[in-house]
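The block underneath contains the structure these notes are about, expressed in C-alpha cells.
The values are calculated or read from the model by the stated rules, or taken from the named source; none is laboratory data. What you see is a predicted model, and the numbers here were worked out from it, not measured in a lab. Cβ coordinates were reconstructed from backbone atoms using ideal geometry, including for glycine residues, and neighbour counts include every protein chain displayed. Heads up: the accessible areas ignore ligands, DNA and RNA and are worked out on the full protein's heavy atoms, side chains in. Shrake-Rupley method; radii C 1.70, N 1.55, O 1.52, S 1.80 Å.
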Amino acid sequence: MKKQRVLSPSHSSALERQKMLSEPTIHLITPPELHSQIDYQLISSPSSVETSPSSANFVSIANRKRKRSIDGKSSSRSSTKPVLVIEAGTLESPSSVGVIPGSIYLNAHKLEMWPSDAECVDGQLPVGSGNLKPWVDLKGVLDSMGISNDYRIVVYFRDHEKKNQLIAAARTIWALAVAGIEDLSMLDGGMQAWREAKLPITSKHRSIHGKEELFANDKELKRKDLILVRRSGPDFEATTEDIEAIVEGKVSGHLADVRSWKEYMGIHHDYTFFSNLGRIPKSRWATWGPSTYVGGDFWEGRLGNMKSLKEIEKTWAKHGIVKPKNVNERVIFYCGSGWRSSLAWVLAKLMGWSHVSNYDGGWLEWSTTHPRASSHGNGIERAKTF
C-alpha cells in the first residue's frame, strides 16, 4: 500500500485554497461606480480631502457593487468585501498631484525581474528579464502591501498619454490575476476621468506595510490571512515552450502580435535594451498604435476610455484572431516584453474569452534572451501579412 503523505496545516490550507480558487472576474468600471463602492469609513488615516461631494454621497455602502462592460451593459452583484484602489505606474516615487482617497501606489516594475548591470554577460540580458518575479518574490511584494482576496481590487492609471501609464494598469491586473486575485477592475479613463467627474481627491497615497495598516478600523479583515496561490495554464501565462509548440505545429493555437505595424514588419522598434527586429513565425497582427510607446488602437479620446469591445473584436477577427471555440484551441498575445499584451489579455477577458494567455517574455525573450533564440528566426519571410 502506498504510504500517504502527511501535510502540515499550513501546506494543507494552501492546497485547499488552490482548489477553491475561483476564476478571476475582470471588469471595467466608471468613476461614479467606483466612488459609490469605496467605503471611506474603513480608511484608517485618510488624507485631507480637497474636493468633496455631500457627506451622504461621500460615505458609501461597502457591499454595493455595480460594474459594466466596455459596451455599457451593467450588472449588480452583492459583496461584503471592501474596495482596495491601486494606482499603477512606472515611477519609483508616486505623484503627489491629486490621487483617489485611500488609494495605494504600486510601481509595476516591482512585480518584475530586471537584472543589474553586474548580472548581464557581455551586455546581454539574461533569460527572464522583464518577466514576473518568481512566485515567492512576487507574493512577498503583494503581502507587504496587503493585497489579497479580502478585497475587490480596482486599478487605475494617471495619464494614458504618458509613456506606459495605461498599460502599467493592465500589466498590474494581469499580474494580480496570475497571483490568484479573484475580483479585478480597471478604472475607465483613469485619474483624468475621476477628476472630470469632480470626485474626491487627496494630496497623496497611503503608505502601508501589510494588511494591518490597510483597513485598521475593520477588525474582521485584520484577522484574515494573506494566502495567495499562483495561477498557471492556458488562461494566464504562456512560456517560450508553448510558443515553440504552436510554431512547430505540435498544438493548435494563434499567436497575436500586440505591437505597431513597423514592429510587426521588422522595420523598427523603440526599445533601448535590445535591438532584434521581426516577429514570431505564424503571428497575426493584433494592432496597437503608431509606435512602441504610442498606442491608441484600443482606446480613444483625451481621457483614454476603452473602445467598444465589439469594435476591437471585429478588428482582431479581420486579422484572423478569433475567440477559441474549444479547449483544444488557444490564443496567445505577445508584444515586446509583456506589457501591451497584458492589455490585450484584459480586453479578451472582458469579451468573455477563455484559453487566452499572455506570453510574458515576448519578442525580447523569443529573439534575444532565450537559450534557443538564435534558432527561432524572425518570422518575416514565413508569416502571413495582413
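At a glance:
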{"quantity": "Any hit, region 345-363, residues being at pLDDT below 90 and not acidic (Asp, Glu)", "calculated": "no"}
{"quantity": "Search result, residues across region 253-266 that are out of contact with any helix residue (DSSP H, G or I) (no Cβ under 8 Å at 6 or more places or on another chain) and assigned to a loop (DSSP other than H, G, I, E, B)", "calculated": "Ser260, Met265, Gly266"}
{"quantity": "Matching entry among Lys310, Lys325, Lys314 (being modelled with pLDDT under 95 and farther than 18 Å from Arg171 by Cα)", "calculated": "Lys325"}
{"quantity": "Top-ranked residue in region 228-251 [being among the acidic types (Asp, Glu) and not in a loop (DSSP other than H, G, I, E, B); ranked as most open to solvent (accessible area, probe 1.4 Å)]", "calculated": "Glu241"}
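Conditions (1) under 12 Å from the mean Cα position of the chain (by Cα); (2) over 15 Å from Lys110 (Cα atoms); (3) not in a strand (DSSP E or B), marked per residue:
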residue: Gly140; (1), (2), (3): no, no, yes
residue: Ser148; (1), (2), (3): no, yes, yes
residue: Arg158; (1), (2), (3): no, yes, yes
residue: Lys162; (1), (2), (3): no, yes, yes
residue: Leu166; (1), (2), (3): yes, yes, yes
residue: Ala175; (1), (2), (3): yes, no, yes
residue: Leu184; (1), (2), (3): yes, yes, no
